[in-house]
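Here is the structure we will look at, set down as structure tokens.
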Amino acid sequence: MSGNRFYLCALLAAGSLVCLVSSEVHAQQTDTSAPVIVQPGAPGQPTRTLPASTTGQLPPSSPKDTEFMQGMIMHHAQAVEMTALINSRSENKELRLLGARISHSQAEEIKFMEHWLQARGQPTTMPMHQTGDTNMPGMNMPGMDMSKHETLMPGMLTKAQMDALRNAKGKEFDRLFLEGMIQHHSGALTMVKDLFDTAGAGQDAVLFNFATDVDSGQRAEIRIMQNMLGQHPQEEKR
Amino acid sequence: MNQLRTNFLLITVAIVFLFAASTFAQTPSPSPTPAQPQNPFAPQPAPPLPAGMTGSDANDPRAKLTPGVDNAGETSMGMKHITLLKKPDAFDLGTNDPNAEKVNKSLSTVLGIADPSKVPSAMKLVLAGLGFANSDMAFQGNHLFLGNFYGVNIYDISNPAKTSLLTSMICPGGQGDPSVYKNLMFMSVEMANGRVDCGTQGFPPPPAPPAGQPNQNQLPAASKDRFRGVRIFDISDIKAPKQVAAVQTCRGSHTHTLVVDPNDKNNVYIYVSGTSFVRQDEELPGCSGGTPDTNPNTALFRIDVIKVPLAAPQDAKIVSSPRVFMDPRSGALAGLTSAAVHGKGDPSPTDQCHDITVYSAIGLAAGACSGNGILLDIKDPANPKRIDAVNDPNYAYWHSASFSNDGKKVVFTDEWGGGLGARCRPNDPNVWGADAVFNLNNNKLSFAGYYKMPAAQGDSENCVAHNGSLIPVPGRDIEVQAWYQGGISVMDFTDAAHPVEIAYFDRGPIDPNLLVLGGDWSAYWYNGRIYASEIARGLDIFELTPTDHLTQNEIDAAKTVQVGEMNVQNQQKIEWPRNLTVAKAYIDQLERSQALSADRISALRTAIQKKDTGNLKKMAPALEKDAGTAKSEADANRMRALADVLKRPAL
């Protein structure tokens, strides 16, 4: 394009004025061909042009985000601990399968949450649990008794509930496990709700995706467990 | 072929041995001094392959490409890389970002990297996560609209090799999937940082409480400034898109689908697929969640339909919220359930669609709806009605759908692991996280076959089936598809039961030791080129090159199809011109399948070369007759279509 214009310029005997106008137009075109950075306003409001030096900005992080991830690690660890009890206490195949699935998914999610925290330079445990005999390198230690902690995340089984589960066998264990895990999962839903009910929380895209997945995943599992629980009394009547 | 396989086997054995040896050599011997902290980000190896299943191919050249953000190894077959346009700085984490300090700190303390400025790119991508991820694409004339969790970038693709960025439109809220229709652009927003005014500041956390005081939430979480739903922009000035409407929805918009009613010139419709949690009633009145038995008004178990008056787009609003999962007999809203996924656990109820593809030319839509694939009658676009539903035990998450051009097949995708996980490892079953091709007859879907990008990928490469579009090669059903860090794969599903790969492109992992979200979100054919949105790296452009699987004539015939606008989820019927370029493609196909003798192929080609229309016309009836006894339906269709061109070719 510019080559043609120069050619045209050189051919024109009319002189420098025409050439000047031409090159001015050309200069303007070069400018408008540079990418623009714009930010629209609310509907009906004008769109602003931003400087070329604009760089991206992540939404603010909230202390609640960190607390949510740390709390959910502790919360998930108890689920892993509960599922570890199944094989020695129940012959229910369906329950064993469910337990294996919960154990696997919650363990994977614990790793995911640890990564999220570590990448942000945050501890994977809540500060209040980093003192005394609970100062452990990670909260996902298999067999670790989470119920010793005084503060429990929503839905977590109390020490008495965990003891009852540990001492149960067969159908009684199945019932306590399902009731306990429904309570446990419902607590996770409360935690997600609590996160998004906190001003300024849950804006990190990966955290948002994760919390959303926890919400829909645990909702589905609660439904499954409610169905399993509903079947037991019928089986026993026969 | 057998010889080749044996060679591969030998190479594999050698590689496995080398690997084992090097791993052994690198394994630190137990020592009393504390060893370097283990990399907590090291990706997990795949669990063992379930019995009776086949995994991905570890011998494929794509399995061992060198890693790197900007300099990863690349390999391809039948595709030529034209250019990569990196993400603009406005869509990348600035060095002055307050979070950058924390990344550097974790790099030095956790990974033991002394000078973080030297290795930060992959880690910075980890921190940004999806914040600046490229997502879906739409096309109009010479403009490509590349969605991003942070806004939309608009490119000039009039000369694909010299593609340039025109406009960076900042407007965060994820996923940012775009659609375009005439002077309007639509955009999906679902995340908690989305603001009505497109602000990047999100919503501030409350100030820290005074020392010793309990932390109290001084601000309500609900905000009238928050936006989750579908934005509508006027793009008459491509360099200054103006927001004209923002239609709020209860679950936000994970994806959306543009629906054009062939009988209504004054309105278009948007189907909204929300997959996230239901927001609070305080923020958007009327929104509530929960199961249908406790809350018949639940915002779960439905899609939303927005009607957009073209003359007054500012008046766009939700006109219906169809209960597409309802059991027609009992009226129960939760009428559909998934299969028992991977043979484990129990079916769970389906309460969301992830993506819907409409094909208005046949009055149908295919919905990929978490636990099910569904078929909708959309002749009344505001009131779609479910007419069929399927599930599949190998499917973890029904993600997207596309029709074959004749409407007789539907390709669904399974986004097992949500796209964040490595799911193409040698031990990952090749029927999990795959495409499933269904036949569609009399409004009934029936399963035909699976297709998974065959090459094994590493532990640090997120990989699963994702978005693709048809490549308009006449006579064949071909789809180009994105597989995240598994790259791009072009598959032929003409034989629905046996889809095969015919071209590919792949890069090595972003990082060998960190699973950094990246790879191709969408790969679409548009007017002769393949465009791919790479989540972390930018916009890739390719062209197809001829191979045994696809001839230059077939590529040229695909290029004859030119459209003015393309939104992949609003599928348009492909019409080929009646010319000799298209005829040559059919002839190549009939030669490949040996449906015609070499003599007749040669005679056809000679007549075409001479543009001997008289002779070509004479060859048409024989082709039509042979179609009746062709070995396959595909060949019969090719013969009829070829005869049709030869009768009246446009020269």
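The values are calculated or read from the model by the stated rules, or taken from the named source; none is laboratory data. Just so it is clear, the structure is predicted and the values come from calculations on it, not from any experiment. All Cβ positions, glycine included, derive from the backbone under ideal geometry; neighbour counts span all protein chains shown.
If only residues of region B:177-190 that are closer than 25 Å to A:Lys193 by Cα and in a strand (DSSP E or B) are counted, the one that is farthest from the other protein chains (Cβ to nearest Cβ) is B:Ser188.
Can you go through B:Ile535, B:Ile574 and tell me which one is more than 19 Å from B:Phe412 (Cα to Cα) and not assigned by TED's automatic domain parsing to the domain that holds B:Phe145?
Details: B:Ile535 fails: not assigned by TED's automatic domain parsing to the domain that holds B:Phe145.
Matching residue, one of B:Ile535, B:Ile574: B:Ile574.
With a requirement of 3 or more residues that are aliphatic (A, V, I, L, M) and over 39 Å from the mean Cα position of the chain (by Cα), the helices (runs of 4 or more DSSP H) lying completely within region B:594-649 that satisfy it span B:598-609, B:613-627. Can you name the residue in region A:158-198 that is part of a loop (DSSP other than H, G, I, E, B) and in contact (Cβ under 8 Å) with a residue 12 or more places away in the chain and, of all such residues, is surrounded by the most Cβ atoms within 10 Å (Cβ to Cβ)? Among residues in region A:158-198 that are part of a loop (DSSP other than H, G, I, E, B) and in contact (Cβ under 8 Å) with a residue 12 or more places away in the chain, the one surrounded by the most Cβ atoms within 10 Å (Cβ to Cβ) is A:Ala168.
Conditions (1) more than 14 Å from every other protein chain (Cβ to nearest Cβ); (2) closer than 30 Å to A:Gly56 by Cβ; (3) at pLDDT 95 or above, marked per residue:
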| site | (1), (2), (3) |
| --- | --- |
| A:Lys159 | yes, no, no |
| A:Lys169 | yes, no, no |
| A:Arg175 | yes, no, no |
| A:Ile182 | no, no, no |
| A:Ser186 | no, no, no |
| A:Leu189 | no, no, no |
| A:Val192 | no, yes, no |
| A:Asp197 | no, yes, no |
| A:Gly202 | no, yes, no |
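Might you let me know whether region A:213-220 holds any residue that is modelled with pLDDT under 90, part of a helix (DSSP H, G or I) and polar (S, T, N, Q)? The answer is yes; a qualifying residue exists. Contact map, region A:47-64: residues that are free of Cβ contacts under 8 Å to residues at least 12 places away in the same chain paired with residues that are part of a loop (DSSP other than H, G, I, E, B) and among the polar types (S, T, N, Q), Cβ distance under 7 Å, separation 6+ or inter-chain. Pairs shown: A:Gln57/B:Thr200.
Can you pull out the residues in region B:357-385 that are surrounded by 24 or more Cβ atoms within 10 Å (Cβ to Cβ), without any contact (Cβ under 8 Å) to a residue 60 or more places away in the chain and not in a strand (DSSP E or B)? Once the filter is applied, which keeps residues that are surrounded by 24 or more Cβ atoms within 10 Å (Cβ to Cβ), without any contact (Cβ under 8 Å) to a residue 60 or more places away in the chain and not in a strand (DSSP E or B), region B:357-385 yields only B:Gly371.
Among the residues of region B:409-417, is any surrounded by fewer than 22 Cβ atoms within 10 Å (Cβ to Cβ) and modelled with pLDDT of 95 or more? Full working, then the answer.
Keep residues of region B:409-417 that are surrounded by fewer than 22 Cβ atoms within 10 Å (Cβ to Cβ), which gives B:409, B:417.
In the following step, the residues that additionally are modelled with pLDDT of 95 or more were identified as B:409.
So far as region B:409-417 goes, yes, one or more of its residues are surrounded by fewer than 22 Cβ atoms within 10 Å (Cβ to Cβ) and modelled with pLDDT of 95 or more.
Per-residue answers, yes or no, for (1) outside any loop (DSSP other than H, G, I, E, B); (2) at pLDDT 95 or above; (3) assigned by TED's automatic domain parsing to the domain that holds B:His81:
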{"site": "B:Leu127", "(1), (2), (3)": "yes, no, no"}
{"site": "B:Val152", "(1), (2), (3)": "yes, yes, yes"}
{"site": "B:Ser158", "(1), (2), (3)": "no, yes, yes"}
{"site": "B:Thr167", "(1), (2), (3)": "yes, yes, yes"}
{"site": "B:Ala192", "(1), (2), (3)": "no, no, yes"}
{"site": "B:Cys198", "(1), (2), (3)": "no, yes, yes"}
{"site": "B:Asn217", "(1), (2), (3)": "no, no, no"}
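Being surrounded by fewer than 24 Cβ atoms within 10 Å (Cβ to Cβ) and either assigned by TED's automatic domain parsing to the domain that holds B:Val319 or closer than 21 Å to B:Gln175 by Cβ (or both) is the requirement here; does B:Asp406 meet it? Criteria met by B:Asp406.
Given the criteria surrounded by 24 or more Cβ atoms within 10 Å (Cβ to Cβ) and either outside the structural domain of B:Pro178 (by TED's automatic domain parsing) or in contact with a Leu (Cβ under 7 Å, 6 or more places away or on another chain) (or both), does B:Ile238 qualify?
Values: surrounded by 24 or more Cβ atoms within 10 Å (Cβ to Cβ): no; either outside the structural domain of B:Pro178 (by TED's automatic domain parsing) or in contact with a Leu (Cβ under 7 Å, 6 or more places away or on another chain) (or both): yes.
No: the conditions fail for B:Ile238.
Screening B:Ala334, B:Ala339 for residues that are in contact with a Pro (Cβ under 6 Å, 6 or more places away or on another chain), at pLDDT below 95, over 23 Å from B:Gly419 (Cα atoms) and of a type in the set (A, V, I, L, M) leaves exactly one candidate, B:Ala334.
Among the residues that make up region B:456-463, is at least one of them among the hydrophobic types (A, V, I, L, M, F, W, C), in the same structural domain as B:Glu554 (by TED's automatic domain parsing), surrounded by 21 or more Cβ atoms within 10 Å (Cβ to Cβ) and under 25 Å from B:Lys80 (Cα atoms)?
The first filter runs over region B:456-463 and keeps only residues among the hydrophobic types (A, V, I, L, M, F, W, C), leaving B:456, B:463.
Okay, now just the ones that are also in the same structural domain as B:Glu554 (by TED's automatic domain parsing), so B:456, B:463.
Restricting the remaining residues to those that are surrounded by 21 or more Cβ atoms within 10 Å (Cβ to Cβ) gives B:456, B:463.
Restricting the remaining residues to those that are under 25 Å from B:Lys80 (Cα atoms) gives B:456, B:463.
Within region B:456-463, one or more residues are among the hydrophobic types (A, V, I, L, M, F, W, C), in the same structural domain as B:Glu554 (by TED's automatic domain parsing), surrounded by 21 or more Cβ atoms within 10 Å (Cβ to Cβ) and under 25 Å from B:Lys80 (Cα atoms).
When the residues of region A:39-52 are narrowed to those that are in contact with a helix residue (DSSP H, G or I) (Cβ under 8 Å, 6 or more places away or on another chain) and part of a loop (DSSP other than H, G, I, E, B), which ends up nearest to the other protein chains (Cβ to nearest Cβ)?
Residues of region A:39-52 in contact with a helix residue (DSSP H, G or I) (Cβ under 8 Å, 6 or more places away or on another chain): A:43-44, A:50.
Restricting the remaining residues to those that are part of a loop (DSSP other than H, G, I, E, B) gives A:43-44.
Working: A:Pro43: 5, A:Gly44: 7 Å.
Only one residue fits best here, namely A:Pro43.
In summary, B:Pro209 fulfils each of the numbered conditions (1) of a type outside the set (D, E, K, R); (2) part of a loop (DSSP other than H, G, I, E, B); (3) facing chain A (nearest Cβ under 10 Å) with the single exception of condition (3).
Restricting B:Gly202, B:Gly252 to residues that are touching a strand residue (DSSP E or B) at 6+ places or on another chain (Cβ under 8 Å), touching a residue at least 40 places away in the same chain (Cβ under 8 Å) and either within 28 Å of A:Val206 (Cβ to Cβ) or not in a loop (DSSP other than H, G, I, E, B) (or both) narrows the list to B:Gly252.
Taking the residues in region B:292-343 that are among the acidic types (Asp, Glu) and surrounded by fewer than 20 Cβ atoms within 10 Å (Cβ to Cβ) as candidates, determine which candidate is nearest to B:Glu190 (Cα to Cα). Only one residue fits best here, namely B:Asp315. If the condition is being under 25 Å from B:Arg648 (Cβ atoms) and buried (at least 16 other Cβ atoms within 10 Å of the Cβ), then region B:531-559 contributes B:Thr551, B:Asn553, B:Glu554, B:Ile555, B:Asp556, B:Ala557, B:Ala558, B:Lys559. Against the conditions (1) in contact with a Cys (Cβ under 8 Å, 6 or more places away or on another chain); (2) exposed (fewer than 14 other Cβ atoms within 10 Å of the Cβ), B:Ala161 satisfies every one except (1). Going by the structure shown, is B:Met639 hydrophobic (A, V, I, L, M, F, W, C) and under 14 Å from B:Gly475 (Cβ atoms)? Against the criterion (hydrophobic (A, V, I, L, M, F, W, C) and under 14 Å from B:Gly475 (Cβ atoms)), B:Met639 qualifies.
Here is a yes/no grid of residues against (1) surrounded by 21 or more Cβ atoms within 10 Å (Cβ to Cβ); (2) facing chain B (nearest Cβ under 10 Å):
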{"position": "A:Leu85", "(1), (2)": "no, no"}
{"position": "A:Arg89", "(1), (2)": "no, no"}
{"position": "A:Glu94", "(1), (2)": "no, yes"}
{"position": "A:Leu98", "(1), (2)": "yes, yes"}
{"position": "A:Ser103", "(1), (2)": "no, no"}
{"position": "A:Gln106", "(1), (2)": "yes, no"}
{"position": "A:Ile110", "(1), (2)": "yes, no"}
{"position": "A:Trp116", "(1), (2)": "yes, yes"}
{"position": "A:Ala119", "(1), (2)": "yes, yes"}
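The residues listed here are B:Val568, B:Val473; of these, the one that is touching a residue at least 12 places away in the same chain (Cβ under 8 Å), aliphatic (A, V, I, L, M) and in contact with a helix residue (DSSP H, G or I) (Cβ under 8 Å, 6 or more places away or on another chain) is B:Val473. Can you tell me which residues in region B:267-288 are at the interface with chain A (Cβ under 9 Å from one of its Cβ atoms) and not hydrophobic (A, V, I, L, M, F, W, C)? Passing the criteria: B:Thr275, B:Ser276, B:Arg279, B:Gln280. If only residues of region A:123-157 that are surrounded by 19 or more Cβ atoms within 10 Å (Cβ to Cβ) and at pLDDT 85 or above are counted, the one that is farthest from A:Asp65 (Cα to Cα) is A:Leu157.
Among B:Lys80, B:Lys105, which is at pLDDT 60 or above and not in a loop (DSSP other than H, G, I, E, B)? Lay out the reasoning, then the answer.
Values: B:Lys105 fails: at pLDDT 60 or above.
The conditions single out B:Lys80.
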